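Student: Below are the structure tokens for one structure; questions will follow.
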Amino acid sequence: MLAARLTHLIETHADRLTDRLADRLRTDPRTTAYRRLDDAEIRSRTLRVYRNLGRWLEQASEEQVEHEYLGLGRARRAEGVPLSQVVAALLLTRRNLWEFIESEAVADTVLELRQEIELQLLVVRFFDRAIYHTVRGYEEKAAA
């Protein structure tokens, strides 16, 4: 199954994806506040998403995503990262992943193409939920 192979490929290349994303966060004009954050924190959060992608996509309940990303939103607010840059970082995380999938996917059949599309839809849905809960956490921290 192509989707399972791609998920495994992403998880096994998590370090490479993380390095690439860390570079993007440091250089993208929409994420200037990330230049002052600790590399270990950025790598830890990103690596956790990429290494556990299969579990996040297949098994993560709304409550698990909510817990993880409310915490992210609160932490970024406490660090003084503007909300627009937090969202931009999550979008870069998704884009980085999407580009990796596109570069590694070789769908030879209609079924494999469908599986690749389904994986991309799962990724989009996951990041939709992650962004929503991150914004909520950020807002809650701002209101406190």
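Student: Give me the pairs, please: first residue somewhere in the stretch 88-104 and part of a helix (DSSP H, G or I), second residue anywhere and at pLDDT below 95 and among the hydroxyl-bearing types (Ser, Thr, Tyr), beta-carbon distance under 7 Å, and either six or more positions apart or on two chains.
Tutor: Within 7 Å, the pairs are Ala89/Tyr34; Thr93/Thr46.
Student: Take the stretch 46-90 and flag every residue that is within 13 Å of Phe126 (Cβ to Cβ) and surrounded by fewer than 14 Cβ atoms within 10 Å (Cβ to Cβ).
Tutor: Residues satisfying the conditions are Arg55, Glu58, Gln59, Ser61, Glu62, Gln64.
Student: Are there any pairs, at least 6 apart or on different chains, whose C-beta atoms fall under 9 Å, with the first in the stretch 13-36 and touching a residue at least 60 places away in the same chain (Cβ under 8 Å) and of a type outside the set (Val, Ile, Thr) and the second surrounded by fewer than 16 Cβ atoms within 10 Å (Cβ to Cβ) and in a loop (DSSP other than H, G, I, E, B), and if so, which?
Tutor: Between residues of the stretch 13-36 that are touching a residue at least 60 places away in the same chain (Cβ under 8 Å) and of a type outside the set (Val, Ile, Thr) and residues that are surrounded by fewer than 16 Cβ atoms within 10 Å (Cβ to Cβ) and in a loop (DSSP other than H, G, I, E, B), there is no close pair.
Student: While we're looking at this one, here's another question. State which residue pairs qualify: first residue touching a residue at least 24 places away in the same chain (Cβ under 8 Å) and inside the stretch 117-143, second residue surrounded by 17 or more Cβ atoms within 10 Å (Cβ to Cβ) and polar (S, T, N, Q) in any location, beta carbons under 8 Å apart, and separation of 6 or more residues or different chains.
Tutor: Listed pairs, sorted by first residue: Leu119/Thr7; Phe127/Thr93.
Student: Would you be able to tell me the number of residues in the stretch 39-57 that are in contact (Cβ under 8 Å) with a residue 40 or more places away in the chain and more than 17 Å from Leu25 (Cα to Cα)? Spell out the reasoning first.
Tutor: Filtering the stretch 39-57 for residues in contact (Cβ under 8 Å) with a residue 40 or more places away in the chain gives 46, 49-54, 56-57.
After this cut, where a residue has to be more than 17 Å from Leu25 (Cα to Cα) as well, the list is 51-54, 56-57.
The total comes to 6.
Student: Here's something else I'd like to know. Considering every residue within the stretch 51-60, establish whether at least one is over 23 Å from His13 (Cα atoms) and part of a helix (DSSP H, G or I).
Tutor: Of the residues in the stretch 51-60, the ones over 23 Å from His13 (Cα atoms) are none.
Checked the stretch 51-60: no residue is over 23 Å from His13 (Cα atoms) and part of a helix (DSSP H, G or I).
Student: Would you confirm whether or not the stretch 36-45 contains a residue that is surrounded by 19 or more Cβ atoms within 10 Å (Cβ to Cβ), assigned to a helix (DSSP H, G or I) and among the hydroxyl-bearing types (Ser, Thr, Tyr)?
Tutor: Looking through the stretch 36-45, none of the residues is surrounded by 19 or more Cβ atoms within 10 Å (Cβ to Cβ), assigned to a helix (DSSP H, G or I) and among the hydroxyl-bearing types (Ser, Thr, Tyr).
The values are calculated or read from the model by the stated rules, or taken from the named source; none is laboratory data. Please read all numbers here as calculations on a predicted model, not as lab measurements. Using ideal geometry, Cβ is built from the backbone for each residue, glycine included, and neighbour counts are taken over all protein chains shown.
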